[in-house]
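What follows is a single structure, written as structure tokens, with notes after it.
The values are calculated or read from the model by the stated rules, or taken from the named source; none is laboratory data. The shown structure was predicted, so the numbers you read here are calculated from the model rather than taken from an experiment. A quick note on method: Cβ atoms are made from the backbone with ideal geometry, for glycine too, and the neighbour counts reach across all protein chains shown.
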Amino acid sequence: MNFEFLKKRAITLLCGITIGITGYTAQDDTIKVQPAIAIPDFDGYATDEIWNSEGVNWQPIDQVWMPWKGTVPTADDFKGRFKLVWREPENLLFFFVEITDDVFVDGYNFATNGPFGYPNYDVVEIFLDENRSKGPHVFDNGTENAQNAFSYHITLNAPDDGKTTSVFTVEDLDGRDWGNSWVVNYAKHFPDFVMRKEGNNYYYEFSLKVFNDTYPTQQKNGTTSTDIEKSRVVLAPEKIMGFTMAYCDNDANDGKRDHFFGSVPGKEYTGNFGFSGTQYSISTENGQKIFNTHWMTASDYGVAKLMKSGVTGIPKETVANKQKVKINPSQISSTLNITINDTATGRVKIELYNLNGIKMAEFSEMKNEAVYTGSHNIAHLIKGIYITRITLNKETSTQKIIKL
Ligand SMILES: [Ca+2]
Ligand SMILES: [Ca+2]
Ligand SMILES: [Ca+2]
Ligand SMILES: [Ca+2]
């Protein structure tokens, strides 16, 4: 087929482009992905303690990739940011993505839309290269491996205002070349997922499994004879991944993508970029200059590092809670003494987690009076730092103790 046609088709099909705007922050040079003490409620509200813990910071999606070197639009047209944490017990990444978009274009249907054309809707897109190998990831072609990195395009229909939805599909390309390519739905990689709409704000809260490049090529009908869990990565502290978050913004349902934003600046290449032996450089789409590397190669992805726990990754304790809930002593050899001074009554739940977020002990008692005192034996726990979560009704106090 004609190369120019293919190039245009490639760029139309995929969310792609690149560059940085001076004065805008982008994501951290290396996102320190904190281990979370608990899984969040998947409800589209960032009120969970894991989203409000030390070191869990918002990462902006504020780099304009399309049009290339374009100006930043007004905040009501687009604004985006996200948080990212991980957990060893479930072996998952957890995300909260907050998007403001004046017009949400939905209606993409994986079964009936082709299924090409997904970047022409409003799409949160995750680029993930789990071993940060870098390099091309579009097709299985020579040394190129389509699963070297994943570009997850999340498409869904927005719910009614104030409501949530958990119906979604996740598109990415697979195949050997443009003449033998198809789109697969990777929704199964997202075991928990909810999106909530509130006016022009869209809140995505979800978890993500991480797979490596031995992931089987998906057939045109989306099936594979290989167990995909065999290529599941075991997440561990110190792991470094290639990672970027992006958003395709379309504000009219006219089959054209208006903007593409990323959480890193990307990088401009002049001349021969060298993707599958062909040349990709600055091109034109819908009359505006465009350029992209992320959709073709993982070489310019941002960086995310899974952190060990410690002083960070632990929910911030409010002053009010500290006064209400007291643990003594803070260094304990056998008995954990807890006092709660609060008019509220009800069931008190006391959980102890190790620094990998694994629950090691749990106690439960009724609090019938304003002052509760409880003593619990933890002599059986091995020495080390533990996080205590003390919950009364919907309020939780989280504190650190040392087991001697
Ligand atoms: Ca939540
Ligand atoms: Ca917009
Ligand atoms: Ca890789
Ligand atoms: Ca839009």
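Considering only residues of the stretch 63-95 that are over 20 Å from LEU306 (Cβ atoms) and crowded, with 22+ Cβ neighbours inside 10 Å, which is farthest from ligand 4 (Cβ to nearest atom)?
The initial filter retains those residues of the stretch 63-95 that are over 20 Å from LEU306 (Cβ atoms), namely 63-81.
If we keep only those that are crowded, with 22+ Cβ neighbours inside 10 Å as well, we get 63-66, 78, 80.
Details: GLN63: 17, VAL64: 14, TRP65: 15, MET66: 13, PHE78: 7, GLY80: 11 Å.
In this case the residue turns out to be GLN63.
Say we look at the stretch 74-102 and pick out the residues that are part of a loop (DSSP other than H, G, I, E, B) and among the charged types (D, E, K, R); which of these is nearest to ARG196 (Cα to Cα)? Restricting to residues being part of a loop (DSSP other than H, G, I, E, B) and among the charged types (D, E, K, R), the top hit is ASP102. Number of residues in the stretch 21-52 that are more than 16 Å from VAL97 (Cα to Cα) and of a type in the set (Gly, Ala, Ser) equals 3. Taking the stretch 184-236 only, how many residues are more than 16 Å from ligand 3 (Cβ to nearest atom) and part of a loop (DSSP other than H, G, I, E, B)? Going through the stretch 184-236 one residue at a time, the tally reaches 16.
Report yes if ASP174 is assigned by TED's automatic domain parsing to the domain that holds THR244 and within 16 Å of ligand 2 (Cβ to nearest atom), otherwise no.
The answer is no for ASP174.
Scoring VAL33 on the criteria (1) surrounded by fewer than 17 Cβ atoms within 10 Å (Cβ to Cβ); (2) in a strand (DSSP E or B) leaves a single failure, condition (1).
Output the residues belonging to the stretch 121-147 that are under 20 Å from TRP178 (Cα atoms), surrounded by 23 or more Cβ atoms within 10 Å (Cβ to Cβ) and either within 16 Å of ligand 4 (Cβ to nearest atom) or of a type in the set (Val, Ile, Thr) (or both). Residue satisfying the conditions is VAL138 alone. Name the residues in the stretch 177-196 that are of a type in the set (Lys, Arg) and surrounded by 19 or more Cβ atoms within 10 Å (Cβ to Cβ), would you? Matches in the stretch 177-196: ARG196 only.
Considering every residue within the stretch 104-114, establish whether at least one is within 20 Å of the chain's Cα centre (by Cα), away from ligand 4 (no atom under 16 Å from the Cβ) and assigned by TED's automatic domain parsing to the domain that holds MET296. The answer is no; no qualifying residue exists. Looking across the stretch 70-83, the residues that are closer than 18 Å to THR244 by Cα, more than 16 Å from ligand 1 (Cβ to nearest atom) and touching a residue at least 60 places away in the same chain (Cβ under 8 Å) come down to PHE78, GLY80. Here the condition is being assigned to a loop (DSSP other than H, G, I, E, B) and at negative phi; of THR396, THR343, THR388, THR339, it holds for THR343 alone.
Within the stretch 46-67, does at least one residue satisfy the condition of being of a type outside the set (Ser, Thr, Tyr), closer than 18 Å to VAL210 by Cα, at pLDDT 95 or above and away from ligand 3 (no atom under 16 Å from the Cβ)? Spell out the reasoning first.
We begin by selecting, within the stretch 46-67, every residue of a type outside the set (Ser, Thr, Tyr); these are 46, 48-52, 54-67.
Cutting the leftovers down to closer than 18 Å to VAL210 by Cα gives us none.
Within the stretch 46-67, none of the residues are of a type outside the set (Ser, Thr, Tyr), closer than 18 Å to VAL210 by Cα, at pLDDT 95 or above and away from ligand 3 (no atom under 16 Å from the Cβ).
The lone criterion from (1) over 19 Å from the mean Cα position of the chain (by Cα); (2) closer than 17 Å to THR244 by Cβ; (3) at pLDDT 95 or above left unmet by PHE95 is number (1).
Look at (1) buried (at least 19 other Cβ atoms within 10 Å of the Cβ); (2) touching a helix residue (DSSP H, G or I) at 6+ places or on another chain (Cβ under 8 Å) and you find that ASN341 fails only one, number (1). Residue pairs whose Cβ atoms lie under 7 Å apart, separated by 6 or more positions or on different chains, with the first residue in the stretch 106-128 and at positive phi and the second charged (D, E, K, R), do not occur. Within the stretch 208-221, residues that are in the same structural domain as LEU92 (by TED's automatic domain parsing) and under 21 Å from LEU93 (Cβ atoms) sit with their Cβ atoms under 6 Å from residues that are within 16 Å of ligand 1 (Cβ to nearest atom) and at pLDDT 95 or above, at 6+ positions apart or across chains, in these pairs: LEU208/LEU93; LEU208/PHE190.
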